[in-house]
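The values are calculated or read from the model by the stated rules, or taken from the named source; none is laboratory data. What you see is a predicted model, and the numbers here were worked out from it, not measured in a lab. Cβ: placed from backbone, ideal geometry, glycine included. Neighbour counts: every protein chain shown.
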Amino acid sequence: MDKVEELYNDYFHDVYLYIRSLSVDDHLAEEITQETFFRAMKSVDSFRGDCDIRVWLCQIAKNLLFTHSKKNRRFTGENIPETLPDSKPSLEDIVADGEQSMEIHHVLHTLSEPYKEVFTLRVFGELSFRQIGEIFGRTESWARVSFHRAKLKIIEELEVQK
């Protein structure tokens, strides 16, 4: 069995469930998951091993889903919401951007604990707040607050650097 087939067998279900939770569309989740493994097959040699392979595959899948959503989002003039969502990208979206990701890594390196580790576990490890709380022997609420404070510190430092 080759490496890609092994990846497919080991992680297809996990990636599918992840995308299904984001898209709430079985058919789309299956298409995105299949495309994810096609893309992974083409670039498996470029996988650096910086993170768990599941995280890498889910990131590919999430990017494909977002690209699909952007292509299919159209305003017809009907049903325009009264308030528009904040168009400012979230810190998580910025992390996905390679250039700004390096800036965030520099700032993250200067953060004190537990903020550095909580942020890393949440964004790069994709752990739930409950799991993070368990790691630290704290509550889920503590993990949420710590993550929020870490994000604020990173955003503040990035704005100072500009």
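Would you pick out the residues in region 11-23 that are over 18 Å from Val123 (Cα atoms), surrounded by fewer than 20 Cβ atoms within 10 Å (Cβ to Cβ) and at pLDDT below 85? Steps first, please.
Residues of region 11-23 that are over 18 Å from Val123 (Cα atoms), as a first pass: 11-13, 16-17, 20, 23.
Applying the additional criterion that residues be surrounded by fewer than 20 Cβ atoms within 10 Å (Cβ to Cβ) yields 12-13, 16-17, 20, 23.
Correct list: Ser23 only.
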Scanning region 24-57 residue by residue, those at pLDDT below 85 and surrounded by 18 or more Cβ atoms within 10 Å (Cβ to Cβ) turn out to be Phe37, Ala40, Trp56, Leu57
Please go through region 122-162 and pick out each residue that is assigned to a helix (DSSP H, G or I) and among the aromatic types (Phe, Trp, Tyr).
-> Phe129, Phe136, Trp142, Phe147
Filtering region 96-144 down to residues that are modelled with pLDDT of 85 or more and on the phi > 0 side of the Ramachandran plot yields Gly137
